[in-house]
Amino acid sequence: MRIAWRVVSVRTPAGQICDTPEELEQPRPQRAAWLVRSSHYSWSTIGRYAEFTYVVLALTALTQGPVLTLWTRQTQPGQLPSDYAILSTYLAIQMPALALLARRGLPWRGRAVVVAGIVVLVGWLSLSTVWSTVHIDTATAVVALVATTCFGLYLAVSYSLLELVTLIVIGMQAGLLVSGWSIARHWQGSRDSIGNWVGIFFNRNSLGPPAVIASAGVVVLVAVLVKRRPPLWWSGVAVLLAVGAFDLRLQLNGDSATSWMVLAVFVGSWALWQIAGVIARRVRDDGRIRSAWALGIGYFCVVSVVTLTALVERNRVSAWLGRPPEFDGRGLHWSANWAGVQDRPFLGWGWLAAWHTPEFRVRLSPEIASDIWSHSAYFDLLLGGGVVAAGLFVAIVVAGFAGLADMALRVPLIGALPVALATAILVANTQESFIIGNHFLWALLIAALCAQPWAANGRSVPIIGASLTPDTAPTSKDEQ
């Protein structure tokens, strides 16, 4: 990022104003050009920080708690806010990102297969409006999905990895700070019926993800500061540790099992790729491995097998974690989901339409008769777009991991952020429906799968202290 030059005005013996002592000896045309460059750099810097501020506010809104709380407090007691008012708010927040994405273009370079797959998947789910059993609900859900997908692509094309993780940590804090305040002040609804902390979010599984994602970002930033040791690095570490401790305290008292799993998977995945990267860089100085793509696919297969095994043995896993059987009763939802998939395996019921369709709901057991969520994003894909949507999503993830492996091996610490973040979100989607519009986890998943070590469209942006372009990479420890 360029920083505006300091301007010091001085007066020449002839009474003319010059901006720096060096300008005294320059001809007038050169002085004018210097002034133009200085003004351009100043406005460029202001615009960049304004864009940072926008992203922080947008991420805060997409955690959903702040927006829902704001609208709920604007309605009369006992009434629910309008769904269209909430949707309009989310769309308005994401519109600037869509405009900037249209100007900068999609992140094709190095991620063409992933981006093309995302476009096809979203297009297919949009097309499902035609055969949806609930056309209006599907159309609304599709509009939200398209907007948040574009927001994720905007993040991927606009920010380096270090910028992105910093913005994520900051963006999570507003909702968490207000939640901490509401809990301390005993606001109505800040705790659930059994005393778990909820804050301004609607349940503990909504409070948990922002808290653990921010904590995961803190882990990465602390590691970067300790390695780089810039001036006053220890003060930055102290601030980050305090932020992480506050966020983890909220999660500890909210006690969301899904969120604990997200944090554990992120840290474990990130640490695993650090070890793999150290080994790769010892084999070759630049860490380039010809079969890195195969390593990424193999990693995806291992994660998939471990996750599927845990789901099959969910009662044993629940007992080991000290949780109720069937992952807090999710087995009832999954049984209904599977029956619905068998009814319409190829095209599905339309995006997010099944749980709003009377024909589907008649099969729900009394324990879940009032629920409207499948508690599994993968069942959402199967129910919403059939095996076509599920197959497209698997292809996107496989291609994403194949492309991210090389960066995770070559770039220490920060390079493994996308693959670790994507892994954690993908595992979390086995328990909750996070592949939805207007939710920050879907935007972050898109940004992670499309992440690249340089900004797109030829604008070189450093990952961390070194500028990486498609044709260059760190070749020494100092550059890394």
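Here, each number is a calculation from the coordinates, and none is a lab measurement. These figures come from a predicted structure and were not determined experimentally. Here the Cβ is made from the backbone with ideal geometry for all residues, glycine too, and neighbour counts use every protein chain on show.
Quick notes on this one:
- Solvent-free Debye scattering, log10 I(q)/I(0), computed from the Cα coordinates of segment 253-381 at q = 0.15, 0.16 Å⁻¹: -0.89, -0.95
- Taking a ≥ b ≥ c as the square roots of the eigenvalues of the Cα gyration tensor, segment 342-455 is classed as prolate, since a/c reaches at least 1.5 and a/b is larger than b/c.
- Rounded to 0.05, the FRET efficiency of the Y49 and W320 pair, given R0 = 51 Å and the Cβ-Cβ distance, is 0.60.
- Charge dipole (Cα centre; +1 on Lys/Arg Cβ, -1 on Asp/Glu Cβ; no other charges) of segment 312-412 amounts to roughly 140 debye.
- The tail of the calculated P(r) for segment 52-162, taken as Cα-Cα distances beyond 19 Å, holds 55 percent of the pairs.
- Relative packing of peptides 366-373, 334-341, 232-239, 217-224 - highest average C-beta neighbours within 10 Å first: 217-224, 334-341, 232-239, 366-373
- Rg ratio (alpha-carbon, reference 2.2 N^0.38 Å) - segment 366-409: 1.66
- Restricting the calculation to Cα atoms, segment 76-225 yields a radius of gyration followed by a Dmax of 18.7, 52 Å.
- Relative to the current alpha-carbon distance between A242 and F202, full extension at 0.36 nm per residue lengthens the span by 11.9 nm.
- Cα-based shape type of segment 206-318, given that a ≥ b ≥ c are square roots of the gyration tensor eigenvalues and the cut on a/c is 1.5: oblate
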